[in-house]
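Everything below concerns the one structure shown next.
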Amino acid sequence: MLKNIDTQIIMTPDADSISRAAETVKNGGLVVFPTETVYGLGANGLDGNAVKKIYAAKGRPSDNPLILHLASPEQAERYCYTNDIYYELAKRFMPGPLTVILKKKDCIGDEVTAGLDTVAVRVPSNDIAHRLLALADIPIAAPSANLSGRPSPTRVEHVIEDMNGRVDVILNGDECLYGVESTIVKIDDDALILLRPGAVTIEDLKTVSSSVIIGGSVFEQYNGIAEAPGMKYRHYAPKARVIILDASDEAFIDYVNSRPDAGVICFDEDTDNIECKKVISVGEKDNSEEQARALFSALREFDSFDEIAVIYARMPSRDGIGLAVYNRLIKAAGFAVIKI
Ligand code: TXA
Ligand code: MG
């Protein structure tokens, strides 16, 4: 696609610019906005032609459905069939980093759902996102605002890199609070099926349902039945090959130091002991929140080092939001893990 749009980049969104962005998105334009997870590339979810522009701007396969962003949990009534568990989830986690899959109503077109009879809904807590949604008073269909296959953007510089010239407006919201995309759940009677891990953790979900089932693509490679179609694609990948090392502190350091030309993604505690070409820490070993916030930035940063062909990343903890860090990293690595 040609990058021929004169993109307006709003570095300090105020009431006036958010209101103009709301008009733009209502009238069929593309607006990138910050959320508490990652930046979203938004279009009017009730306008099929506007939604098609999202796929073109990202280079995204059209069999991968989009999330509808709403100003309040109750707005879901307009677009899908809700139930008691939905409202239990809403009471605990909305607004916030949770997406729920529900049966769709007829007003939502195939461009949003990629032909499925369900639709994903989420109510972001980020203030700019919320004001945009409230003023536009439409559901905003939005994937992460990266070019398809690249790491999701968590800072406005990432958005400008990928989307300048492809969208009408970019609203800056500084660094995203969580840094990994929302938790996605599907409701199956009284059970919750976790399709994508995020900042709303398994422990959090268990406060709403005693039956939380981990979907197949959370730990493993796509096997033909990924419940969230997006989980089957190669994702988040920098240009270099990523390999995860499942190793003790000492074994990790010895392994990478014998490969001085490699790139390394590690923890703060490791950096002083590593002598490789480019070393990026994603935070303290025991701080999964910090690792979540830093991971996509780290993966992107390696793309400016053409001479690095392989990146070794330390296996993160899978507790809490750590499961989301692990899930994104194994996807970036194409499931390449070496156990030492
Ligand atoms: O945090 C987030 O969720 C961000 C921000 C912008 O809100 N959005 C985001 O969107 O991550 P995207 O398009 O990059 O990922 C949406 C995921 C995809 O894996 C897609 O397959 C899945 O949600 N999805 C969407 N609708 C679905 C449905 N009806 N059934 C199952 N999975 C669905
Ligand atoms: Mg995405």
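The values are calculated or read from the model by the stated rules, or taken from the named source; none is laboratory data. Note that the structure is predicted; figures quoted are calculated from it, not measured. Cβ coordinates were reconstructed from backbone atoms using ideal geometry, including for glycine residues, and neighbour counts include every protein chain displayed. Areas reflect the complete protein model, heavy atoms only, side chains present, ligands, DNA and RNA absent. Shrake-Rupley method; radii C 1.70, N 1.55, O 1.52, S 1.80 Å.
General remarks:
- Lone qualifier among 63, 106, 162 - being within 16 Å of ligand 2 (Cβ to nearest atom), free of Cβ contacts under 8 Å to residues at least 24 places away in the same chain and either under 24 Å from residue 24 (Cβ atoms) or in a loop (DSSP other than H, G, I, E, B) (or both): 162
- Scanning the stretch 113-133 for residues that are within 13 Å of ligand 1 (Cβ to nearest atom), surrounded by fewer than 24 Cβ atoms within 10 Å (Cβ to Cβ) and within 17 Å of residue 30 (Cα to Cα) yields 128, 130.
- Note on the stretch 181-194: residues that are more than 8 Å from ligand 1 (Cβ to nearest atom), within 13 Å of the chain's Cα centre (by Cα) and part of a loop (DSSP other than H, G, I, E, B) total 0.
- Criterion (closer than 21 Å to residue 183 by Cβ, in a loop (DSSP other than H, G, I, E, B) and among the aliphatic types (A, V, I, L, M)) met by exactly one of 38, 121, 112: 38
- Residue 79 being over 23 Å from residue 10 (Cβ atoms) and within 14 Å of ligand 2 (Cβ to nearest atom): no
- For the stretch 48-77, the set of residues classified as hydrophobic (A, V, I, L, M, F, W, C) and open to solvent by 20 Å² or more (accessible area, probe 1.4 Å) consists of 56, 67, listed by residue number.
- When the stretch 87-141 is filtered for residues that are aromatic (Phe, Trp, Tyr) and either touching a strand residue (DSSP E or B) at 6+ places or on another chain (Cβ under 6 Å) or under 22 Å from residue 38 (Cα atoms) (or both), only 93 remains.
- Residue among 332, 313, 298, 336 that alone is open to solvent by less than 10 Å² (accessible area, probe 1.4 Å) and modelled with pLDDT under 95: 332
- Any chance residue 99 is surrounded by 19 or more Cβ atoms within 10 Å (Cβ to Cβ), farther than 20 Å from residue 191 by Cα, of a type outside the set (A, V, I, L, M, F, W, C) and near ligand 1 (Cβ under 10 Å from one of its atoms): no
- Every listed requirement among (1) within 13 Å of ligand 1 (Cβ to nearest atom); (2) crowded, with 18+ Cβ neighbours inside 10 Å is met by residue 172 save one, (1).
- Identity of the residue in the stretch 134-149, outside any loop (DSSP other than H, G, I, E, B) and within 11 Å of ligand 1 (Cβ to nearest atom), that ends up most open to solvent (accessible area, probe 1.4 Å): 144
- In the stretch 265-293, the residues that are open to solvent by less than 40 Å² (accessible area, probe 1.4 Å) and part of a loop (DSSP other than H, G, I, E, B): 267, 274, 276, 282, 283
- For residue 106, the criteria (1) over 22 Å from the mean Cα position of the chain (by Cα); (2) over 27 Å from residue 173 (Cα atoms); (3) surrounded by 15 or more Cβ atoms within 10 Å (Cβ to Cβ) hold in every case but one, which is (3).
- For the residues 36, 23, the requirement of being open to solvent by 30 Å² or more (accessible area, probe 1.4 Å) and modelled with pLDDT of 95 or more singles out 23.
- Among (1) over 28 Å from residue 301 (Cα atoms); (2) out of contact with any Asp or Glu (no Cβ under 9 Å at 6 or more places or on another chain) - the single one residue 114 does not satisfy: (2)
- Residues satisfying the stated conditions in the stretch 195-215, i.e. over 18 Å from the mean Cα position of the chain (by Cα) and open to solvent by less than 10 Å² (accessible area, probe 1.4 Å): 205, 209
- Checking every residue in the stretch 150-158 against the condition of being farther than 22 Å from residue 25 by Cα and either buried (at least 23 other Cβ atoms within 10 Å of the Cβ) or touching a Pro at 6+ places or on another chain (Cβ under 9 Å) (or both) gives at least one match.
- Considered as a group, the residues in the stretch 133-159 that are more than 15 Å from ligand 2 (Cβ to nearest atom) and of a type in the set (Gly, Ala, Ser) include one that is farthest from residue 7 (Cα to Cα), and that residue is 134.
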